[in-house]
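Since the structure comes first, as structure tokens, the remarks are kept for the end.
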Amino acid sequence: MPMVVNGLPAHVLIVHFVVVLVPATALLLILSVVWPAARERIGVFGPLLGGITMIFALVAAEAGDWLKHKLNLDDETINQHANYGSILQYVTIAVFGLFLGWWIVAASGGQRILGKLGPLESVGRHKVVQLAVGVGAVVVALVSVYLVVMAGDTGAQSTWSGYKDLLSK
């Protein structure tokens with residue numbers, strides 16, 4: 001996979017998609033859980049967006065690992081940034097899975113799929129399962145937003161910290 005795009009590290013380009021998609025996906029997931037009318041309007045688009053977000057997060061993390069090793073840097077802020085990014089990629093997997101699970105157990109389109117699962121249908125229709133998936137989805141969505149903010153902050157600090165004097169003039 002090319003890790004440089006037009007002379008720039010791919011990580012610094014791809015990460016912008018993650019910064020936009022993670023909060024957008026989290027917002028749609030939370031709306032889908034707490035607002036039934038929004039759930040039906042969001043439909044299968046929500047889990048699809050969750051899948052796209054997950055892919056961008058995984059690619060950004062891979063490109064970031066490549067860049068860190070290429071630059072051979074061992075800075076505390078960069079290490080924090082890398083740790084947040086590593087955790088974020090797993091959290092976006094969880095967001096995707098929970099969004100898909102929520103759509104299946106709570107949205108009408110997902111209910112049609114659930115009806116074809118035979119014995120699992122009664123489990124998916126159980127209110128305790130719906131509550132657990134819904135609460136888990138909201139918690140993981142909020143964690144994903146926190147992680148993208150922290151990863152962005154530490155990434156910006158590691159990139160721009162050398163320019164503090166220049167920017168204060």
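Please treat every number below as a calculation from the coordinates, not as lab data. Note that the coordinates shown come from a computational prediction; the quantities given were computed from them, not determined experimentally. Reconstructed Cβ throughout: ideal geometry from the backbone, glycine too, with neighbour counts over all protein chains shown.
Grab the alpha carbons of the range 21-158, take their convex hull, and tell me the volume per residue in Å³.
Spelled out: Cα convex hull of the range 21-158, divided by residues, is 98 Å³.
Do the sum for the chain: with -39,500 (n - 2.57) for every DSSP H run of n ≥ 4, divided by all residues, what is the mean residue ellipticity at 222 nm, to the nearest 500 deg cm²/dmol? Please report the intermediate quantities before stating the final value.
Numbers: 8 runs with 140 residues, N = 169.
Mean residue ellipticity, 222 nm, calculated: -28000 deg cm²/dmol.
Could you run the Karplus curve 6.51 cos²θ - 1.76 cosθ + 1.60 with θ = phi - 60° over the range 146-157 and give me ³J(HN,Hα) per residue in whole Hz, x for Gly and Pro?
4, 5, 5, 5, 5, 5, x, 5, 5, x, 5, 4
Could you work out the relative contact order of the range 21-158, using alpha carbon pairs under 8 angstrom and six or more residues apart, expressed as a whole percent?
On the way: 141 pairs, mean separation 51.9, N = 138.
Dividing the mean separation by the residue count of the range 21-158 yields 38 percent.
Mind putting a number on the dipole of the chain about its Cα centre? Charges go on the C-beta only, +1 for Lys and Arg and -1 for Asp and Glu, and I need it in Debye to the nearest 20.
Working: 10 positive and 9 negative charges, 136 e Å.
So the magnitude is around 660 debye.
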